[in-house]
Amino acid sequence: MSKEHRILTVEDLTQAILNSIDREDMEAEAARHMANHVLNFFGFNDSIIDNILEPEDRDAFYMLEDLGLLQTEREETTLYDGREWRIHYWMFRKDRIYELVKDEDGAAEGTGGVADVYAEVPDDIWSRSQQ
């Protein structure tokens, strides 16, 4: 399963938070609490709309954006009365998160020790040959 389609776990996000900051600045339990808090907004989605956040929550999101774990995107639309309306979204940077949770062997910690059995299969094995 590709990284973009993997479900982000509390453990993955906690490890990414800890690996992206000085560990003396945040304890593991605080990082886990933040990861759990942020993931509760996203559920199983990869993006959320900004206006559901309270100011205190938005501060946490900005902190994770500064760490490179979240990014923002905005969409502009014209309302029926001609006014412009901006919609802001928050999205996980899964590529960066999974990069931060890799262990020394290069395998992602969140896989539970299960190797990617298809990683070493050559691409041509999937094509059928005419005999």
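The values are calculated or read from the model by the stated rules, or taken from the named source; none is laboratory data. Fair warning: this is a prediction, and the values are worked out from it, not measured in the lab. Here Cβ is always computed from backbone atoms with ideal geometry, including for glycine, and neighbour counts include all displayed protein chains. Accessible surface areas use protein heavy atoms only, side chains included; no ligands, DNA or RNA. Shrake-Rupley method; radii C 1.70, N 1.55, O 1.52, S 1.80 Å.
Here are some notes:
- Check on I21, among the β-branched types (V, I, T), more than 13 Å from I97 (Cβ to Cβ) and exposed (fewer than 14 other Cβ atoms within 10 Å of the Cβ): no
- Residues of the range 42-51 satisfying the condition of being closer than 16 Å to K94 by Cβ and not polar (S, T, N, Q): F42, G43, F44, D46, I48
- Boolean, V121 is part of a loop (DSSP other than H, G, I, E, B), at pLDDT below 95, open to solvent by 90 Å² or more (accessible area, probe 1.4 Å) and at negative phi: no
- Helices (runs of 4 or more DSSP H) wholly inside the range 1-104 that include at least 3 residues being within 14 Å of the chain's Cα centre (by Cα) and within 30 Å of A119 (Cβ to Cβ): 10-20, 28-42, 94-100
- Close pairs (9 angstrom Cβ cut-off, 6 or more residues apart or separate chains): touching a residue at least 24 places away in the same chain (Cβ under 8 Å) and more than 15 Å from N45 (Cβ to Cβ) in the range 69-95, in a loop (DSSP other than H, G, I, E, B) and open to solvent by 90 Å² or more (accessible area, probe 1.4 Å) anywhere: D95/E4
- Residue list for the range 9-25, filter: of a type in the set (A, V, I, L, M) and at pLDDT 90 or above: V10, L13, A16, I17, L18
- L69, sole failed condition from (1) surrounded by 12 or more Cβ atoms within 10 Å (Cβ to Cβ); (2) within 30 Å of E120 (Cα to Cα); (3) out of contact with any helix residue (DSSP H, G or I) (no Cβ under 9 Å at 6 or more places or on another chain): (3)
- Breaking point among (1) at pLDDT 75 or above; (2) open to solvent by 90 Å² or more (accessible area, probe 1.4 Å), for D116: (1)
- Scope the range 48-66; condition open to solvent by 50 Å² or more (accessible area, probe 1.4 Å) and of a type outside the set (A, V, I, L, M); matching residues: N51, E54, P55, E56, R58, D59, Y62, E65, D66
- Just so you know, in the range 41-72 the residues that are modelled with pLDDT of 95 or more and among the polar types (S, T, N, Q) include one that is farthest from Q15 (Cα to Cα), and it is T72.
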